[in-house]
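Novice: Okay, here's the structure, questions in a sec.
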Amino acid sequence: MTAQTATDAISDLPFPVGYRAADGAFDELYARDGTVRAHWQYVMRSLGALGSDEFGRRLNEARRLLRENGVTYNIYDDPQRSERPWPLDLLPVLITSAEWQVIEQGLTQRAELLELVLADLYGERRLIRTGLLPPEVVYGHPGFLRPCAGVGAPRGRHLPLYAADLARAPDGEMLVLGDRAQAPSGSGYALENRIVLSRVLPTIFRDAHVHRLPVFFRRVRSMLNWLAPNGTDAPHIVLLTPGPSNETYFEHAYLASQLGCTLAQGDDLAVLDQRLWLRTLEGPKPVDVLLRRVDAAFCDPLELRPDSLLGTPGLLQAARSGHVAIVNPLGSSAVENPGLLAFLPALCRQLLGEDLKLPSVKTWWCGNQQELSYVLDHLAELVVKPVFSHSSRLTVFGAALSAGERDQLADRIRARPYLYVGQERIALSTAPLMAGATLEPRAMVVRAFLAAEDGGYTVMPGGLCRVAPTRGSSLVSNQVGGVSKDVWVIASEPERESGALLPADRRPLLVRGGRAVPGRVADNLFWVGRYAARSEIAGRVLREVLRRVLEPGDAETDPNTPRLLAAVTHVTGTYPGFAGPGAKERLGEAETELLSLVRDGRRTGTIRYNLNALVRAARGVRDRLSTDTWRVINSLSREPAETLDLAAALTELDRVLLLLSAFGGLSADSMSRGQGWHFLELGRRLERALGTVSVLQAMCAANGEQSVPWEDLLSVADASMTHRRRYRTAAEAGTVLDLLLDDETNPGSVTHQLLRLEALLSGLSTNVTTPQQTVEQRLVAEALEELRRTEAPTERLRQPGLELEELLTQLARRLAALSDQMTRSYFSRPDRPQQLVALAR
């Protein structure tokens, strides 16, 4: 097919019309003569064959998959919403295999060079002593950590993971804009992009002969195993994350799942006897490899930043003693210094004996008098950056400044020239982006990823592309709204697909039950279970009320309606509601209160509040939940419409209750029966027991038998069918109370929950060797004894009154005590040492 034919084919779609590359920039899609580049022709022809309607459907499918998978990027300074859905464009960026081979060689050489630089900076520092690197360049950058000097690197690898931001110059040459050596992020997003695109464009992806990504992640896992000290066959690998509020927390949890690591925060770890340990409910477990996603300065408040709450005191000493391999080693961000770019060509010739294959963007370090003069003379044409930060907010484009502002910048540079670099401003190459119904060229940057292996590096065949959010802009950061793209490296022939992360040449060690659970994880899982059950119970009561209110006829004259409305308030705890002061007035305007109970996420006790709490707790343990379970949780996070009426609220409750049932089934079927599942189930069973007691207290305690809406009570408890099949009579006190309180075979009864709590508590591994009852077990046993105190509990409860009220009060008290005791026994963490006085630096 000719290039012109390809252009005609994509013109069948409405969006390519009017596509025009930016002046002076290299365009990835179109050549200078206006024809489609050869390696793009098949993909664009195939997209043209889809037609605009089908293309739009697949775009919506991609967005749905990203939303259901919970792919997000957190924005710190967004006052409206800190967590944004991950933006992915459906058109990939295409690179030929031949060109990528050249890029791979350049990236590998660059990684090897930077590793040698790191080894020297934290070792003999010959580069500084011989004058190849000015000391101001190194010591003026916060990435160089003096306490890390002399700390050995695992297996001598100072740069196990490396990433580089690549951009294409107007002449088509690929340049390096910056190096990422601290804790390179983005590879998980790249993998998720690939999974989504290969699913929504399966035929195009297969027939385009795209190089696959799983092999790279297999090698990352092999590398982590290889770096473990003492040659451990099955090393314990922990991924250190700042927590769910971090901008790339999705990727942390995602990689932990993909690589089989334990996801942990700083206070989940401790250093004892110069070894790193994971705090678990079974006691401390040794950590062999720490894959960190926390900046090095924050990793150890003892030797680095004393004000850090993200790290673990003593971590640097554990690394110094050789008992833990940290990836990347602390201090590796010293080579992210933009001032270093000006010296790399000479360093490459000195250390490797060859020229730099993949050049950096032209950089002038202002600490050199000749280069300072050049920067000051060409300030209007250059980009000025401080060497001590790679924040885009501190990057200044000279052309955007007025004459007075340039003079002020020049004065700041002259005052401390060694802290600044000037860089050539290049017109970034553009890639096609779907913008509404049109295709537009947008500036792009590609991040490429490398992992160390014995004797060299392996390069991910592809990467993460980010494009500018607006036409003409050169800012591509996710923090300013950049859009992501998948990068397809086109092979000459089909590749054999491989999805396994475990190297085929290593015999797997069979394991049962999984790793031990840190207290923070157990706490989150416990509350995931509680909030799920709490939302379900409150939702069932509220749904029954909405059904009654929406039924034909006058619900206001039904004597049971006020009691049901009051029960909603008691069960949800949303006082005063329909039970406190002013309840009569609100009974006449029930719709406003009922809608608030469904959709108001800022009001404690509402359905939306509990669901939001469930989602927050689940985010803290997302690496413990299956993909399908996480899809359910993301569906639960969807906010109801502001224009909700009572009928729509009933529909919303039906949706929520169905999803909660799906969550219960998935957690039962997809989680192994380890400690994590035990705590999730403990939370669910405890909250179900509390919820059932609360419903009974609200609807039948201290009331005569004839005034209790027994049928409504059965409906709330989802036991109507069981009652009808078992008794074939109208609901009445004895049968209903037996079913909801005493019947062990009814999965919704209080007795059933207590028996499950009893079994779950005895199954916790921390209790296996304990001969006597724990406090938690004793509280459950007392509650069971309270229920079984008489020979005929049904007779005792046949006439609801003070005796029933006293029983329910005692049950509620013991269950609340059980909750408090669980927190004291399992979830309370020791206080962390914290520096109270700022130290001179």
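The values are calculated or read from the model by the stated rules, or taken from the named source; none is laboratory data. As the structure is a prediction and not an experimental result, all values here were calculated from the model. Note that we place each Cβ from the backbone using ideal geometry, even for glycine, and neighbour counts take in every protein chain shown. What goes into the accessible areas is simple: the full protein's heavy atoms, side chains included, and nothing from ligands, DNA or RNA. Shrake-Rupley method; radii C 1.70, N 1.55, O 1.52, S 1.80 Å.
Novice: Of (i) 55, 33, 28; (ii) 67, 40, 24; (iii) 57, 33, 25, which is the value of semi-axes √(5λ) of the Cα gyration tensor in Å derived from the coordinates here?
Specialist: Evaluating semi-axes √(5λ) of the Cα gyration tensor in Å on these atoms matches (iii).
Novice: A further question on this structure: At 1.4 Å probe size, what's the solvent-accessible area of Tyr73? Round to the nearest 10 Å².
Specialist: 30 Å²
Novice: Using heavy-atom solvent-accessible surface (probe 1.4 Å) with all chains present, what is the largest-first order of Thr203, Thr651, Thr751, Thr35?
Specialist: Numbers: Thr203 70, Thr651 90, Thr751 5, Thr35 30 Å².
In descending accessible area the options line up as Thr651, Thr203, Thr35, Thr751.
Novice: Then there's this: Peptides 663-675, 308-320: what's the order by average Cβ count within 10 Å, highest mean first? Numbers along the way, then the final one.
Specialist: Working: 663-675: 16.7, 308-320: 22.4.
Final packing ranking: 308-320, 663-675.
Novice: If you don't mind, there's one more thing I want to ask. Where does helix 750-763 land angle-wise versus the long Cα axis of the chain, in degrees 0 to 90, nearest 10?
Specialist: Tilt relative to the chain: about 50 degrees.
Novice: Once phi is turned into θ = phi - 60°, what whole-Hz ³J(HN,Hα) does the Karplus curve with 6.51, -1.76 and 1.60 give for every residue of the stretch 268-283, x standing for Gly and Pro?
Specialist: Coupling constants for the stretch 268-283: 7, 10, 8, 10, 10, 6, 6, 10, 8, 10, 9, 6, 10, 5, 8, x Hz.
Novice: Rounded to the nearest 10 degrees, what's the angle between the helix 41-68 long axis and the longest principal axis of the chain, both from Cα atoms, 0 to 90?
Specialist: So the inclination is approximately 40 degrees.
Novice: Under a Cβ-Cβ cut-off of 12 Å, what is the net charge of the residues other than Gly322 that fall near it, where Lys and Arg count +1 and Asp and Glu count -1?
Specialist: Details: positive: Arg155, Arg275, Arg320; negative: Asp288.
With Lys, Arg at +1 and Asp, Glu at -1, the neighbours total +2.
Novice: How much accessible area per residue does the chain have, in Å², with a 1.4 Å probe?
Specialist: Working: 35850 Å² over 841 residues.
Each residue of the chain exposes 43 Å² on average to a 1.4 Å probe.
Novice: Spelling out what I want: for every residue of the stretch 775-789, take phi, set θ = phi - 60°, compute 6.51 cos²θ - 1.76 cosθ + 1.60 (Karplus), and round to whole Hz; glycine and proline get x.
Specialist: 3J(HN,Hα) across the stretch 775-789, in whole Hz: 4, 4, 5, 5, 5, 5, 4, 5, 5, 5, 5, 4, 6, 9, 4.
Novice: Can you sort His723, His211 by 1.4 Å-probe accessible area, starting with the largest? Let's see the in-between values first.
Specialist: Values: His723 5, His211 40 Å².
Ranked list, largest accessible area first: His211, His723.
Novice: Let me ask something else about it. In degrees from 0 to 90, rounded to the nearest 10, what is the angle of the helix 675-699 Cα long axis to the longest principal axis of the chain?
Specialist: Result, in degrees: 40.
Novice: Give the value in nm², to one decimal: projected area of the alpha carbon convex hull of the stretch 554-691, averaged over all directions.
Specialist: Mean orientational projected area (the stretch 554-691, Cα hull): 9.3 nm².
Novice: Find, among the trypsin sites (Lys or Arg not before Pro) in the stretch 709-750, those assigned to loop by DSSP (not H, G, I, E, B) with at most 15 other beta-carbon atoms within 10 angstrom. Show your work: numbers first, answer last.
Specialist: Numbers: sites: Arg724, Arg725, Arg726, Arg728; in loops: Arg728.
Loop-located and lightly packed - Arg728.
Novice: Tell me the mean residue ellipticity at 222 nm calculated for the chain from its helices only (DSSP H runs of n ≥ 4, each -39500 (n - 2.57), averaged over every residue, nearest 500). Write out the running numbers ahead of the final one.
Specialist: Details: 28 runs with 357 residues, N = 841.
That calculation yields -13500 deg cm²/dmol at 222 nm.
Novice: Using a 1.4 Å probe and ignoring any ligands, DNA or RNA, find the accessible area of Ser762 and quote it in Å² to the nearest 10.
Specialist: Ser762 has an accessible surface of roughly 60 Å² with all protein chains in place.
Novice: Only sites in a loop by DSSP and with at most 10 other Cβ atoms within 10 Å count here; which GluC sites (Glu not before Pro) in the stretch 217-288 make the cut?
Specialist: On the way: sites: Glu247, Glu251, Glu282; in loops: Glu247, Glu282.
Qualifying residues, ordered by number: none.
Novice: Could you pull out every residue, at least 5 positions away or on a different chain, whose amide H is within less than 5 Å of the one on Leu90? Hs are placed 1.01 Å off N in the peptide plane, and Pro or chain starts have none.
Specialist: Met434
Novice: Gain in length, Tyr374 to Ala49, computed as 0.36 nm per residue apart minus the alpha-carbon separation, to one decimal in nm? Present the calculation step by step, with values, prior to reporting the outcome.
Specialist: Values: separation 325, 0.36 × 325 = 117.00 nm, distance 5.30 nm.
Additional length available on full extension: 111.7 nm.
Novice: A follow-up question, please. Amide H to amide H, which residues 5 or more places from Leu239 or on other chains are under 5 Å from it, using H placed in the peptide plane?
Specialist: Excluding prolines and chain starts, which carry no amide H, the hits are Thr262, Leu263, Ala264, Leu291.
Novice: Let me ask something else. What are the ³J(HN,Hα) values, in whole Hz, obtained from phi via the Karplus relation 6.51 cos²θ - 1.76 cosθ + 1.60 with θ = phi - 60°, for each residue of the stretch 444-454 in sequence order, with x given for Gly and Pro?
Specialist: 9, 9, 10, 9, 9, 10, 10, 10, 6, 9, 4
Novice: Name the long-range amide H neighbours of Asn74: under 5 Å, sequence gap of 5 or more, or other chain; modelled H, no Pro or chain starts.
Specialist: Hits under the 5 Å cutoff: Arg84, Thr248, Tyr249.
Novice: How much FRET efficiency would the formula 1/(1 + (r/R0)^6) give for Asn230 and Ala346, where r is the Cβ-Cβ distance and R0 is 35 Å, rounded to 0.05? Write down the numbers at each step before the final one.
Specialist: On the way: r = 39 Å, r/R0 = 1.12.
My answer for the efficiency is 0.35.
Novice: Solvent-accessible area of His209, probe 1.4 Å, all protein chains present, reported in Å² to the nearest ten, please.
Specialist: Estimated to the nearest 10 Å², His209 gives 50 Å².
Novice: Which GluC sites (Glu not before Pro) in the stretch 38-129 sit in a loop by DSSP (not H, G, I, E or B) and have at most 12 other Cβ atoms within 10 Å of their own Cβ? Display every interim value, and only then the final one.
Specialist: On the way: sites: Glu54, Glu61, Glu68, Glu83, Glu99, Glu104, Glu112, Glu115, Glu124; in loops: Glu124.
Answer by residue number: Glu124.
Novice: Ignoring ligands, DNA and RNA, what percent of the 1.4 Å accessible area of the chain is carbon and sulfur?
Specialist: Values: 17750 of 35850 Å².
Accessible surface attributable to carbon and sulfur in the chain totals 49 percent.
Novice: Once you have the Cα-Cα distance between Thr643 and Arg155, take 0.36 nm times their residue separation minus that, and quote the gain in nm to one decimal.
Specialist: Numbers: separation 488, 0.36 × 488 = 175.68 nm, distance 6.11 nm.
Using 0.36 nm per residue and subtracting the Cα-Cα distance, I get 169.6 nm.
Novice: Can you sort Ser492, Ser694 by solvent-accessible area, 1.4 Å probe, largest first? Display every interim value, and only then the final one.
Specialist: Details: Ser492 110, Ser694 30 Å².
Order by accessible area, largest first: Ser492, Ser694.
Novice: So, in the chain, how many Lys pairs have Cα atoms under 29 Å apart, if the pair is 8 or more places apart or on different chains? Before the final figure, lay out the partial values.
Specialist: On the way: Lys357/Lys385; Lys357/Lys485; Lys362/Lys385; Lys362/Lys485; Lys385/Lys485.
Lysine pairs, 8 or more places apart or on different chains, close enough: 5.
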